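The values are calculated or read from the model by the stated rules, or taken from the named source; none is laboratory data. From a predicted model like this one, the values you see are computed outputs, not experimental measurements. All Cβ positions, even for glycine, are placed from backbone atoms using ideal geometry, and neighbour counts span all protein chains on display. Just so you know, the surface numbers come from the protein's heavy atoms only, side chains and all, with ligands and any DNA or RNA stripped out. Shrake-Rupley method; radii C 1.70, N 1.55, O 1.52, S 1.80 Å.
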Amino acid sequence: MHTPSSPIQIIVASTNPAKIRAVEAAFRDVFPEIKLNIEGLAVDSGVRAQPMCADETLTGARNRVAHAQQLQPAADYYVSLEAGLDGGATFAWMVIENGQQRGESRSASLPLPPQALTRLHEGEELGDVMDDMFQQQNVKQQGGAIAMLTAHRLSRSSVYHQALILALIPFINPALYTTD
């Protein structure tokens, strides 16, 4: 366990500012007395840029963590947030690993407009579709589709924050999640 004076090194398997903000907020909530050193790292998911089902999305999140571990093997935690589709909704998988433990959780699901779903099934990415639908630029690195469709009542970071805390449960209660 880390002491308050020794920072924990967290690698986020993305350079997306919204994802990094969500990771920082969740870890600060769960470990308020510990210093954090958070670094974003661009890594490949090994799946399509727009995962089209829950299993593909989870595979992408797990792959990102594995690739980040290969590139930066000395971190304390590796975190991946992979967004994808599940039926008519978008959501994201959160995967957190520290060498001894893994936590995984899904975010809330956001129902997508039929026009957006059609375009996604034609091969476009959700961020590009939202940029076009709302005449914005780079929605995916800001509030995301969630912000656009909820009139900024929720953001990508706010929804990811909750799911990240859920993925941290095995690290909050390690004795309950040991496998012998």
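All of 64, 28 fail the test of being open to solvent by 40 Å² or more (accessible area, probe 1.4 Å) and closer than 27 Å to residue 112 by Cα, apart from 64.
Quick one: which of 55, 86, 128 is free of Cβ contacts under 8 Å to residues at least 40 places away in the same chain, within 20 Å of residue 158 (Cβ to Cβ) and of a type outside the set (A, V, I, L, M)?
Working: 55 fails: within 20 Å of residue 158 (Cβ to Cβ); 128 fails: within 20 Å of residue 158 (Cβ to Cβ).
Exactly one residue qualifies, and that residue is 86.
On the stretch given as region 88-105, residues that are crowded, with 17+ Cβ neighbours inside 10 Å and within 18 Å of residue 23 (Cα to Cα) total 11. From 50, 70, grab the single residue that is over 26 Å from residue 111 (Cα atoms) and out of contact with any Ser or Thr (no Cβ under 8 Å at 6 or more places or on another chain). Of the residues listed, the single one that is over 26 Å from residue 111 (Cα atoms) and out of contact with any Ser or Thr (no Cβ under 8 Å at 6 or more places or on another chain) is 70.
Looking at 85, 36, 71, just one residue is farther than 16 Å from residue 19 by Cβ, of a type outside the set (Lys, Arg) and in contact with a helix residue (DSSP H, G or I) (Cβ under 7 Å, 6 or more places away or on another chain), and that residue is 85. Listed conditions (1) hydrophobic (A, V, I, L, M, F, W, C); (2) crowded, with 17+ Cβ neighbours inside 10 Å; (3) closer than 19 Å to residue 139 by Cβ; (4) in contact (Cβ under 8 Å) with a residue 24 or more places away in the chain are all met by residue 20, apart from (4).
Which residues, counting only those in region 68-103, are within 15 Å of the chain's Cα centre (by Cα) and in a helix (DSSP H, G or I)? Working first, answer last.
Quick first cut of region 68-103, residues within 15 Å of the chain's Cα centre (by Cα) only: 68, 77-85, 90-97, 102-103.
Listed by number, the list holds a single entry, 68.
When region 137-180 is limited to residues that are open to solvent by less than 70 Å² (accessible area, probe 1.4 Å), under 17 Å from residue 99 (Cα atoms) and in contact (Cβ under 8 Å) with a residue 40 or more places away in the chain, the one that is nearest to the chain's Cα centre (by Cα) turns out to be 167. Could you please find all residues in region 12-39 being over 12 Å from the mean Cα position of the chain (by Cα) and closer than 18 Å to residue 68 by Cβ? Correct list: 27, 36, 37, 38, 39.
For region 104-127, the criterion of a residue being assigned to a helix (DSSP H, G or I) and under 24 Å from residue 24 (Cβ atoms) is satisfied by at least one position.
Number of residues in region 148-180 that are more than 17 Å from residue 26 (Cβ to Cβ) and among the hydroxyl-bearing types (Ser, Thr, Tyr): the value is 4. For region 67-87, a residue qualifies if it is of a type in the set (A, V, I, L, M, F, W, C) and buried (at least 16 other Cβ atoms within 10 Å of the Cβ), and the qualifying residues are 68, 75, 79, 81, 83, 85. Of the residues making up region 48-61, those that are open to solvent by 10 Å² or more (accessible area, probe 1.4 Å) and either of a type in the set (S, T, N, Q) or in contact with an Asp or Glu (Cβ under 6 Å, 6 or more places away or on another chain) (or both) number 4.
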